[in-house]
1. What is the gain in length, in nm to one decimal, between Asn58 and Thr170 on full extension, counting 0.36 nm per residue of separation less the C-alpha to C-alpha distance?
2. Given 0.36 nm per residue, what is the gain on full extension from Val209 to Gln77 after removing their alpha carbon distance, in nm?
3. Under a point spin-label approximation (7 Å from Cα along Cα-to-Cβ), what is the Met101-Phe227 distance to one decimal in nm?
4. Whats the longest run of the chain with zero trypsin sites (Lys or Arg not before Pro) that are DSSP loop and have at most 14 other Cβ atoms within 10 Å?
5. Students often get this wrong: which residues of region 29-64 have the backbone nitrogen under 15 Å from the point 7 angstrom along Cα-to-C-beta of Ala219?
6. Can you tell me the relative contact order of region 3-153? Whole percent, Cα pairs under 8 Å, sequence separation 6 or more.
7. Leaving out same-chain residues fewer than 8 places away, which lysines sit with a Cα under 19 Å from that of Lys196?
Amino acid sequence: MECGKLKGRVAIVTGGARGIGKAISERLGAEGASLAIVDIMKEAAEEAAADLRGKGMNAMAFGADVSKPKDAEATVQAVLDEMGSVDILVNNAGITRDTLMMRMSEADWDLVISINLKGTFNFTKAVMRPMMKSKYGKIVNVASVVGRMGNPGQANYAASKAGVIGLTKTAAKELAARNITVNAVAPGYIQTDMTKDLPDQAKDAFLTVTPMKRPGSPADVAGVVFFLCSHDSDYVTGQVVNIDGGLLM
Ligand code: NDP
């Protein structure tokens, strides 16, 4: 692995305590970034940060509910105060509440939209000012292939991720002149806690239509996110990169 491409950069990773967010934190940290690991459970963020510090990385933990604008503002301010800058934001925190639309409650609709979509808005808005001031920023939003193709039982989730893609393109256009890139990744079926309880039938259905015939790993996602956070992608903005073994072409 090439090391140090993100040396001196401070990266906020939401939902960074486990799964894809933890793998992203680990990859950005391995490339020299200082990490602000944000999670709804402060203790989980502390544990992840301690683990990364044990691997020689610089990592701090912050407890925040991404769906709350005040939490986003306070977290970004705390990162600025304690770590000196905010150069990279990865909006990764997300949840599912799956069921067919006929049975979907208003509460489950609202919850998924408020965390996956509004959470992305909240943190993006909170980092805009400091990034505009420093004329540098890399924002990567974790969407999903489901936001591009739909999926039965995931109306709330698919709508939230389609919304994240629209938000990504709009923010990219608004911030491009300030040297801030905004891109999204759209993972397919990735093995994490989020997908471990999917019925075998649903997992098989995904693999049947995935040309590479294997699920992705959190590290598969982290590698592409790293690219979008590095100088190698300086002229890439407003894009959505599928990380799905060829599922959606
Ligand atoms: P996990 O459930 O393993 O991890 C999600 C993380 O987000 C957890 O640490 C969780 O904290 C945190 N989180 C949840 N709600 C909030 C909140 N309100 N505020 C702050 N943090 C919160 O999920 P994955 O790693 O699988 O997913 C990460 C992202 O990737 C999500 O956006 C997901 O939609 C997306 N994705 C995942 C795919 C997959 O196949 N796994 C496919 C496509 C996209 P806690 O554990 O304390 O609840």
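1. 37.1 nm
2. Stretched out fully, the Val209 to Gln77 stretch lengthens by 43.1 nm.
3. 3.4 nm
4. With trypsin sites (Lys or Arg not before Pro) excluded where exposed in loops, the chain gives 56-134 as its longest stretch.
5. The answer is 29-31, whose backbone nitrogens lie closer than 15 Å to the label point.
6. 23 percent
7. Those lysines meeting the cut-off are Lys22, Lys213.
None of the figures in this text is laboratory data; all of them are computed from the coordinates on show. As the structure is a prediction and not an experimental result, all values here were calculated from the model. Note that we place each Cβ from the backbone using ideal geometry, even for glycine, and neighbour counts take in every protein chain shown.
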